[in-house]
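The values are calculated or read from the model by the stated rules, or taken from the named source; none is laboratory data. Source: prediction; values computed, not measured. Methodologically, a virtual Cβ is constructed for each residue, glycine included, from the backbone with ideal geometry; neighbour enumeration extends over all protein chains shown. Side chains are part of the model used for accessible areas, which takes the heavy atoms of the whole protein and leaves out ligands, DNA and RNA. Shrake-Rupley method; radii C 1.70, N 1.55, O 1.52, S 1.80 Å.
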Amino acid sequence: MKKSGLNLVGVKEFNRSLILQNICTGHAMTRHKLARIAQLSTMTVTNLTSELLSMGVITEADSPDNKKGVGRSPKILVLAPQSPVVLGVWLSKDFLYGTVSDLALQTLCEKKVPFQRQETEETILEKLGALTAELAASTSRRILGMGLAAVGVIDMQAGAIRYVTDFFDILSMPLRPYLQERFPFPVFVGNDMQASGLAELYFGHGQLEDDFLYVGVDNGIGSAVIANHQLVNSSGELGHLSIDYNGPKCTCGSRGCLELYASATSILWQINEECCTHFTTFAEAMEFCRVSSRAYSVLYGCSKQLTYALNSFINIIDVSTIILGHAGCHMPEEIMTSMERTLNRISVLKDSRKFRFFRSTFGDRVPLYGAVCLVLERLFSGMLSL
C-alpha cells in the first residue's frame, strides 16, 4: 500500500499500521528504532505509539539488553497481554488445522480435525464451523478476524473455492458466506500457497529478502511470488504446468502436469512401488531416502523434474531465492543442494544471479501460520482497523 492519494486520516492510519507491523514482526523495538525503520519523525512515532498504548494493543517493557548500573535504558514496545487475537484455519485435502494467534504470530492454541473417507461439501463445512466455534471459545480476548487458507483456485472477493481437483468429488465450495452467517468477526479466504508466502514475507525469509518464490510440495504443487516485498496476485497452480504434453491425463484436464510426477503424493507412491514399502507420510519416506539408495534414486529423479519446471517458471518471473514448504520442507539437504546446483547450471539468468534454496521457516505447518497472515496483511497495510 502506498501513501500517495491518501488523505490525512488515511496517512495516519497507514503510519499507525506500519508502526504496529514493525512491533509485531521486529525484535526489541524502541521508539527511536521504529522512527528510523519507518522513516518517520520521533514526534510522529511517539503520538502513534501513545494511541496504541491507550487502546491496550501494545505495552512498554524493559529491554532484554538492559544492564543495571549503566544509565537508563529506553523502553521497548511489545504486544499487550490482552491485545486482539486472530483465528487461522488451514483447509487442506486431508484435514482442517486451526489456531488462535496473537498479532506477532505467537500460537495460543491449536486443533487438528482429520477428514474421513467419504466427506461431502456439507460435512466439511459443518466441521469448519465447529472448529471455528471451538477456537473462538478458547480465548477471552477480542478476535480481530479469521483467515482461512484453502486448497484450490480461490475467489478472494467471494471468499470461495472456485475450482479444486481430487477433493472428495468437490469442485467448488463457498467458505466465507457459510462462516459469516455464523460468526461476528470478518473472515478472509486465500489460497494456501499464497498464504504461506505471506507468512514467509512477514515473519520468515521475507525479513531478509525483498523477492522470493515460495514453492509448496504437497498433494499438489503450488507457488507464491513475492516481489518488492509484496505478494503478487496469482493463482499459484504451479503443479498444473505441463512438462509432457504426451504424458498421462491430469484431473485438471491437461496432460503431463508437474504434480503427476513431483508432488509429495506422487513421490510417496513411486517410492512405495519401487521399494515395496508402505509409508503413509512424506516425512517418513524422506527419512527412508537417507538410508535407501533405491528410494533416493526415485526422489532424485522427481526432484530433477521439479527443478526443470522451476527453471521455466523462474525464467519468466526472475527471482533467485526459492523457499520449499508444505511437505516439501522434509526433502533431504542433499536433494535441495542438487536442485540448487542444477538451477545455477541451466538457467538463462545464471550469469546475472545465484539461485539459492531454503526450507520454510515454519516447516510443513506454514499454511497454518499463513492463514493468520491473511488477516495480518490487511491489518499491516491499513485495510483492517483495530
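A few remarks follow.
- Residue pairs, from the table K112/K304; K304/K354; K304/K350, whose Cα atoms sit over 28 Å apart: K112/K304
- Within the chain, percent of DSSP bridges classed antiparallel, to nearest 5: 60
- Here the extension length gained between E284 and N47 equals 80.0 nm, from 0.36 nm per residue of separation less the Cα-Cα distance.
- Only helices enter the 222 nm calculation for the chain: every DSSP H run of n ≥ 4 contributes -39,500 (n - 2.57), and dividing by all residues gives -12500 deg cm²/dmol, rounded to 500.
- With all protein chains in place and a 1.4 Å probe, the accessible surface of the stretch 304-386 carries 50 percent carbon and sulfur.
- Here the mean projected area of the convex hull built on the C-alpha positions of the stretch 191-329 is 8.7 nm².
- Local net charge near T265, Cβ-Cβ under 12 Å (Lys/Arg +1, Asp/Glu -1): -3
- Remark: relative contact order (the chain) = 15 percent; criterion is Cα-Cα distance under 8 angstrom and separation of 6 or more residues.
- Under the combined filter of DSSP loop state and at most 10 neighbouring Cβ atoms within 10 Å, the stretch 17-67 retains these trypsin sites (Lys or Arg not before Pro): K67.
- What separates the Cα centres of the stretch 20-38 and the stretch 292-342 is a distance of 36 Å.
- Accessible area per residue in Å² at 1.4 Å probe, computed on the chain: 46
- Solvent-accessible area of K75 with every protein chain in place, 1.4 Å probe, in Å² to the nearest 10: 80
- Carbon plus sulfur fraction of accessible area for the stretch 65-147, probe 1.4 Å, in percent: 50
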